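Step one of this worksheet: look at the structure below.
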Amino acid sequence: MNVEFYEKIWMWAASVLLVLFVAIMLLTAASEAVHPPSHLETINPKTLRTHPEFSKPGVTVRPDGSAVVTVVGEMYSFTPDPIEVPANRPITFRLTSADVMHGFEVVGTNANAMMIPGYVSQFTIMFKRPGEYVIGCNEYCGIMHHGMVGKLIVKQLGVR
Ligand code: CUA
C-alpha cells in the first residue's frame with residue numbers, strides 16, 4: 001500500500017499528539033493528586049436533620065491534631081461557615097447535600113469534590129499554608145449559585 005508522504009506526516013503528528021495528551025493527563029493526575037471518586041457511602045437526604053453526624057455539621061479535632069469536617073451543602077450555603085482547621089494535619093472532609101447537587105472546592109488547593117444528595121463524599125487533605133481560603137460551589141445549583149461561597153480558615157497550631 002502506498003501512503004503519500006504528507007499523509008504519513010499527518011498520521012505521525014496525530015499519533016504523537018494522542019500519546020502526548022494521554023501522558024499529560026497521567027502526569028497531572030499523579031503530580032496534582034487527582035483521584036476519581038472512590039468513597040461509596042449513601043445517606044438519606046430527607047433525614048439529614050436527624051442524622052447522628054450530619055444533623056450537627058462541624059469540625060472535630062482529634063487528639064493528634066487531625067480533624068474530621070462534616071459539611072452540608074444547601075441552596076445556597078455551606079454549613080458550617082466558616083470552617084476552621086489546623087494547618088499541616090490530615091483533614092478529612094465528609095460532604096453531602098440536603099437538596100440538589102453542589103460543588104465543594106477550596107480555591108487554590110486540590111480539595112474539590114461534589115456534594116451529591118444521597119451520597120457522602122469523603123477525601124483527606126493537608127493544608128500547608130495557614131490563611132483564609134474561599135470555598136466555592138462549582139456545580140450549577142440554581143439562581144443564586146454564583147453566591148454560594150464559604151470560608152475556610154487554616155490555623156497554624158502552636159509549636160510543640
Ligand atoms: Cu451550590 Cu452551585
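Here, each number is a calculation from the coordinates, and none is a lab measurement. Source: prediction; values computed, not measured. Quick reminder, even Gly has a Cβ in these numbers, built from the backbone with ideal geometry, and neighbours come from all protein chains shown.
Listed highest first by mean packing, meaning other Cβ atoms within 10 Å per residue, what order do 134-143, 43-52, 91-100, 111-120 come in?
Top of the packing list down: 91-100, 111-120, 134-143, 43-52.
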A convex hull over the alpha carbons of the range 25-160 yields, per residue, a volume in Å³ of 115 Å³
In nm, the gap between the two label points placed 7 Å beyond Cα toward Cβ at GLU41 and LYS128 is 2.8 nm
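Only bridges with both residues in the range 53-109 count here: give the DSSP antiparallel percent, nearest 5.
The antiparallel fraction comes to roughly 50 percent.
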Candidates SER15, SER77, SER121; GNM for the chain (alpha-carbon contacts under 10 Å) flags as most fluctuating SER15
Percent antiparallel among DSSP beta bridges confined to the chain, rounded to 5, stands at 70 percent
The lysines whose Cα lies under 28 Å from the Cα of LYS155, excluding any fewer than 8 residues away in the same chain, are LYS56, LYS128
Dividing the mean separation of Cα pairs under 8 Å (6+ apart) by the residue count of the chain yields a relative contact order in percent of 21 percent
Extension length gain for GLU84 and LYS155 (0.36 nm per residue less Cα distance), in nm, is 24.8 nm
